[in-house]
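The values are calculated or read from the model by the stated rules, or taken from the named source; none is laboratory data. These numbers were taken from a predicted model, which means no experiment stands behind them. Positions of Cβ are generated from backbone atoms using ideal geometry, with glycine treated the same way; all protein chains shown enter the neighbour counts.
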Amino acid sequence: MNLPNKLTTFRIILIPIFMIVLSIPLKWSLLFGHPASWVVAAVIFAIASLTDFIDGKIARRRHLVTNFGKFADPLADKLIVMTALIFLTSYSVIPAWAVSIIVIRELAVTGLRTLIVEKNGTVFAAQWPGKIKTFTQMFSIIFIFCSDFSLSIPIGQILFYIAVIFTIYSGCEYFIKNRDVFSDGL
């Protein structure tokens, strides 16, 4: 197993640890007024986000792209982001409607990517709006779990709503650019 795939596997292993940490009711709090487990969860999530960035760079730079990586890397990203969003929704920190938009977009785009590979035999790479969506999602989650570092401006919440906007935009863009995939059924 190459290094990028090891990093992806490590990120997948972090998901249940992340869930366990968020499920532990540590009543004492650190600097931020939320359970200490939120800060630990933010660190785990940040490590997972960093490995996502690193494994992609290494895979492309060293030409270590594999079928496992093509499958597991985006899946690991979506799983940890969705897990975080579900926990934040369960704590009434972010609205369920916004999380629903994100989940629906991710499932729809994943399905579309499958059709594109089936029809064209190629993987459609992420575009800039999708990359901005991922960046803002990941940073919003980290900031929200750290309660915005007690700043008067809720950076995490602002980033979260920017992520929702880019989620909608990038999803629409993805479907518009690839509408020919559905040409046989229209």
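Brief remarks on what is shown
- Annotation: of all residues in segment 43-101 being part of a helix (DSSP H, G or I) and of a type in the set (S, T, N, Q), the one that is nearest to P4 (Cα to Cα) is T51.
- Of all residues in segment 102-143, those that are β-branched (V, I, T), over 20 Å from R11 (Cα atoms) and modelled with pLDDT of 90 or more total 4.
- Selection status of P25, at pLDDT below 85 and closer than 19 Å to F143 by Cα: no
- Scanning segment 81-93 for residues that are at pLDDT below 95 and under 14 Å from I142 (Cα atoms) returns F87, L88, V93.
- Scanning segment 29-55 for residues that are at pLDDT 85 or above and small (G, A, S) returns A41, A42, A46, A48, S49.
- Screening L112 with (1) more than 14 Å from the chain's Cα centre (by Cα); (2) hydrophobic (A, V, I, L, M, F, W, C); (3) under 21 Å from F45 (Cα atoms) gives one miss only, at (3).
- Any hit, segment 137-148, residues being surrounded by 13 or more Cβ atoms within 10 Å (Cβ to Cβ), farther than 19 Å from G171 by Cβ and of a type in the set (D, E, K, R): yes
Rundown of residues vs (1) farther than 21 Å from G111 by Cα; (2) surrounded by fewer than 21 Cβ atoms within 10 Å (Cβ to Cβ); (3) of a type in the set (D, E, K, R), yes/no style:
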residue	(1), (2), (3)
I54	yes, yes, no
L64	yes, yes, no
A72	no, yes, no
L79	no, yes, no
T83	no, yes, no
L88	yes, no, no
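- Some residue of segment 101-124 being touching a residue at least 40 places away in the same chain (Cβ under 8 Å), surrounded by fewer than 16 Cβ atoms within 10 Å (Cβ to Cβ) and more than 24 Å from F175 (Cα to Cα): no
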